[in-house]
Amino acid sequence: MKFSILETTDSYKLSHYAQYPPGTTRASSYIEARGGPFTRTRFFGLQGLLKRFFTDPVTIDDVDRMVELATAHGMPFDRAGWMHVVGDHAGKLPLRIDAVPEGMDVPIGNVLVQVENTCDRCAWLTSFVETILLHVWYPTTVATVGAHAYEMIYRALERTAEEPAEKIAFALHDFGERGVSSIESGALGGLAHLVNFRGTDTIAALVAGRELYHEPMAGFSIPAMEHSTVTSWGRNGEADAFRNMLRAFGGPGKTVAIVVDSFDAYRAVDEIVGVTLRDEIIASGTRVVVRPDSGDPNVIVPRLMRSLARTFGFTINHKGFIVLHPAVRVIQGDGMELESIRELYEAVERAEFSAENLTVGMGGGLLQKVNRDTMKFAMKLSAMQIDGSWIDVYKDPKTDPGKRSKRGRLALVANGTAWNDYFVKTEIETVRLEHLGERENILRTVYRDGELLVDETLTTIRERAMRIERARG
């Protein structure tokens, strides 16, 4: 299905054009993450939304189709207002959208996006686009989950591995496509994961990277078994299934993954991988990653590592932790969320193994077990121009102070070291635009009157995010 921008709003917004005070000419709204379990957001995904929904000019056919839909739906529709957009603006939305750079970390409770109409006859348009624009909550939340996973795993590598910076890129793998609500969710959420890491099985994310962020290949994967490609050989054919995988896709410098819990994970690793196939694995030059997919990972993963250390051998790194033979590693992809990842790396460390022996995969915990309330995303009107004067607009519900909204036209500033290099060590705050003074506004205009003004590559966004990680130390 392909939707015009008119078809991406909520029903009740179809009546809002007639609800604002007389003399209203401009409306300014902002998006923020108001709370939740994280102290910061890693902003991402606005460029993709703008390309998908804000750059195609609105046509007469779009308006007529929406008139028909609204009428049948029992709702009014501002045909005159939209025909003004079509006729006087060539179908281009008379909006200005300012936003923080993608890949940037912003403390919770600060403005991330600001939207304002640029035509005095279109003050209604600012809030009309709230529904679709607020979808930026999703890739931003996924990128934020990934950023916290990155920091958590990196700390484990710092404690137990040598050269952690060289081992982090593929430490977290995305297995989430089948568990998301739509292909587009997989595309945007999967790409948000790839801001922080490089491993993915979500092909839709690769397409999104290519089409929306100029990235020819955003992520990578390896040949891997699923249970059907093991169990189809029968209980007594598990060794043959593993051998077939090794011979089909193995070789010097190559990596394959085998799932070992189809019948008995311990037997599969102790006897088949560690004895029956050991010499062939080493001789082939292949790295075999074993994947347990059931049971308690905090028990099973260290147990399998001990088995692999016993049968393949190991070294002790300079930090005093066990590093398995280069031919074998372990991946845990079942039941992984931020807390269970932390627990698993702690269990591996207690067993005296280096974190570099382990890769984790996330599915629903990465791409689906999030919602708009995870970080309490909201878009609120904060200022209006009425009869030529700007006034503050805000909500301040007595029953829930946490939903108190900001007032005025806004800017985002960093007090201290230059924000674009080391802003993580500075104090970032939202201020009223008239109080900006000589300070640099971190918000930049990314869209104006139907045109995308900032069109960054995924590489640029990744570099920005990694500067943040290095600055965080």
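Below, the figures for the structure above:
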| read-out | value |
| --- | --- |
| Heavy-atom accessible area per residue - the chain, 1.4 Å, Å² | 43 Å² |
| R0 of 56 Å, Cβ-Cβ distance Glu427-Val275: FRET efficiency to nearest 0.05 | 0.40 |
| Computed over the stretch 1-154: relative contact order in percent, which uses C-alpha pairs under 8 Å that are six or more apart | 41 percent |
| On Cα atoms only, tilt of 79-88 relative to the major axis of the chain in degrees | 90 degrees |
| Computed [θ] at 222 nm, deg cm²/dmol, the chain (DSSP H ≥ 4; -39,500 (n - 2.57); rounded to nearest 500) | -10500 deg cm²/dmol |
| Portion, in percent, of the accessible area of the chain that falls on carbon or sulfur, probe 1.4 Å | 51 percent |
| Angle between the chain longest axis and helix 297-312 axis [Cα atoms, degrees, rounded to 10] | 40 degrees |
| For peptides 186-194, 212-220, 153-161, 311-319, sequence by mean Cβ density within 10 Å, most packed first | 186-194, 153-161, 212-220, 311-319 |
| Kirkwood Rh, Cα atoms: Rg over Rh of the stretch 1-145 | 0.99 |
| Beta bridges by DSSP in the chain, antiparallel share as percent, to the nearest 5 | 70 percent |
| Label point distance in nm, Asn415-Ser11, each placed 7 Å from Cα along Cα→Cβ | 4.7 nm |
| Rounded to the nearest 10 Å², the accessible area of Ser232 at probe 1.4 Å | 90 Å² |
| Under-5 Å amide H pairs with Val328, H placed in peptide plane, nonlocal only | Val288 |
| DSSP bridge orientation in the stretch 144-294 - percent antiparallel, rounded to nearest 5 | 0 percent |
| The stretch 247-263 - phi-based ³J(HN,Hα) in whole Hz, Karplus 6.51/-1.76/1.60, Gly and Pro as x | 6, 6, 10, x, x, x, x, 9, 10, 10, 10, 10, 8, 10, 9, 4, 10 |
| At 1.567 mPa s and 4 °C, Stokes D of the chain from Kirkwood alpha-carbon radius, µm² per second | 53 µm²/s |
| Between helix 203-213 and the chain: long-axis angle, C-alpha atoms, 0 to 90°, nearest 10 | 40 degrees |
| Accessible-area order (highest first, 1.4 angstrom probe) of the listed residues Asp174, Asp293 | Asp293, Asp174 |
| Hypothetical label at Asp56: residues of the stretch 89-122 whose amide nitrogen lies under 16 Å (7 Å Cα-Cβ projection) | 91-93 |
| Net charge of Cβ neighbours under 12 Å - reference Phe54; Lys, Arg +1; Asp, Glu -1 | +2 |
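The values are calculated or read from the model by the stated rules, or taken from the named source; none is laboratory data. All of these numbers come straight from a predicted model, not from anything done at the bench. Cβ coordinates were reconstructed from backbone atoms using ideal geometry, including for glycine residues, and neighbour counts include every protein chain displayed. Heads up: the accessible areas ignore ligands, DNA and RNA and are worked out on the full protein's heavy atoms, side chains in. Shrake-Rupley method; radii C 1.70, N 1.55, O 1.52, S 1.80 Å.
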